[in-house]
Amino acid sequence: MTRLRADAARSRDAILCAARRIPRGELRLNDVAREAGVGVATVYRHFPTVAALSEALSLDSIQRLRVLAGEAERTPDAGAALHTLLAAALELQLADEGVQAVITAPDAELGAAREAKCAFVTSLRAALERAQVAGAVRPDITVDHVRRMLCGVEHAVRLGSPDDRPVLLDVVLGGLRPARAAEPSSSSPTPQTAGS
């Protein structure tokens, strides 16, 4: 039994190593099996779908997101904590192209990925609500808005250049701030005084 477990662990490691050599958008379980030197049935036994394999490849990143969100939830300056979290989350998404699919999917297939994602979303929601209470974020923003905006910035950076990341992130962060009270335009007519 111990040898069977060791063989299974080696097969799983070989599958993950092979999958990392294939662009995430091109993952096919049959191709992974060929690259790993194992049978197709072995791949399916460990990862029944491409989504499950992709989650396993991105598990470390999702768990890191959970830690970062937990830290933001406990940081005294709620507005700054949320901004720091979003910047770090974007950096992780750009470094690991599989993260976006995991955090935007309705659910995760692997138990470990599901647990980490749920914890991340819960802490992100708490950090967002703290920032809203502090007046640092507009009250109509939801955690789903934030997740989709991050994915949008990631996509925009991938279409352009890594140098675009700071300015695009700044635009998003600026949009999260509450709108200032409307100021009178310089072109507005001057109020008329009595007798004029």
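The values are calculated or read from the model by the stated rules, or taken from the named source; none is laboratory data. All values derive from a computational prediction rather than experimental measurement. Every residue, glycine among them, receives a Cβ derived from its backbone with ideal geometry; neighbour counts consider all protein chains shown. We work out accessible area using only protein heavy atoms, side chains counted, and drop any ligands, DNA or RNA first. Shrake-Rupley method; radii C 1.70, N 1.55, O 1.52, S 1.80 Å.
Answer rounded, prolate or oblate for the stretch 77-133, using the Cα gyration tensor with square roots of eigenvalues a ≥ b ≥ c: rounded when a/c is under 1.5, else prolate when a/b is larger than b/c, else oblate. Oblate, since a/c reaches 1.5 and b/c is not below a/b.
With protein chains left intact and a 1.4 Å probe, residues in the stretch 38-80 average 47 Å² of accessible area per residue. The HN-Hα couplings worked out from phi for the stretch 45-53 by the Karplus form 6.51 cos²θ - 1.76 cosθ + 1.60 (θ = phi - 60°) are 5, 7, 9, x, 9, 4, 4, 5, 5 Hz, whole numbers, x standing for Gly and Pro. Could you give the distance between the Cα centres of the stretch 109-132 and the stretch 6-45, to the whole Å? When both Cα centres are located, 29 Å separates them. With the simple model of a label 7 Å out from the Cα in the direction of the Cβ, Ala9 to Ala112 spans 1.2 nm. Element breakdown for the stretch 66-117 at a 1.4 angstrom probe: carbon and sulfur atoms account for 52% of the accessible area.
Each of His46, Val133, Gly174 was scored by the projection of its Cα onto the charge dipole of the chain, and the greatest displacement toward the positive side belongs to His46; charges sit on the C-beta of Lys, Arg, Asp and Glu. Normalised by the number of residues in the chain, the mean separation of alpha-carbon contacts (under 8 Å, six or more apart) gives a relative contact order of 19 percent.
Electrostatic tally near Ala126: other residues with Cβ closer than 13 Å to its Cβ, Lys and Arg +1, Asp and Glu -1, net +1. Among the listed values [x] 99, 34, 25; [y] 84, 44, 24; [z] 67, 34, 32, the one computed from these coordinates for Cα extents along the principal axes in Å is [x].
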